[in-house]
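Take a look at the structure set out below.
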Amino acid sequence: MSFFSELGLAEPILRALETKGYADPTPIQQQAIPALMQGRDLLGIAQTGTGKTAAFSLPSLHRLAANPQPRKPASCRSSSNAMGSCPVELGIGRSGSCRISRIPYGVRVS
């Protein structure tokens, strides 16, 4: 797979990626996105700067787009959640990366 459009992501996500100049998924994205789109669990290891954040967050955003449900107050169990783990010094960059592609859905990134 050489283009994000071949990975089955929702059209608003593809438009957000195109707007930011991303056309070709990296190797970690090529392997991770299809598995996550199928609902499989995944542990991915790749060097810094290879697109791991997008590899994990794009399928999550796709699932949120496919089944939007209002969040119930004070209940994390009734809403869709995703958690990413990284060293503190990388946290700011990760949340920024997620904000790029969440725009079409109004998803909150903390």
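Being in a loop (DSSP other than H, G, I, E, B) and within 25 Å of E18 (Cα to Cα) is the filter; apply it to segment 51-71 and report the residue that is modelled with the lowest pLDDT.
Filtering segment 51-71 for residues that are in a loop (DSSP other than H, G, I, E, B) and within 25 Å of E18 (Cα to Cα), the one modelled with the lowest pLDDT comes out as P68.
Would you check which residues across segment 6-32 are small (G, A, S) and either on the phi > 0 side of the Ramachandran plot or touching a helix residue (DSSP H, G or I) at 6+ places or on another chain (Cβ under 6 Å) (or both) and list them?
G8, A10, A16, G21, A32
Answer with yes or no whether P34 is in a helix (DSSP H, G or I), touching a Gly at 6+ places or on another chain (Cβ under 8 Å) and under 13 Å from L58 (Cα atoms).
The answer is yes for P34.
One line per residue, one yes/no per condition, for (1) modelled with pLDDT under 90; (2) outside any helix (DSSP H, G or I):
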| position | (1), (2) |
| --- | --- |
| P12 | yes, no |
| P25 | no, yes |
| G49 | yes, yes |
| P73 | yes, yes |
| R102 | yes, no |
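The values are calculated or read from the model by the stated rules, or taken from the named source; none is laboratory data. The shown structure was predicted, so the numbers you read here are calculated from the model rather than taken from an experiment. Heads up, the Cβs are rebuilt from the backbone with ideal geometry, glycines too, and the neighbour counts pull from every protein chain shown.
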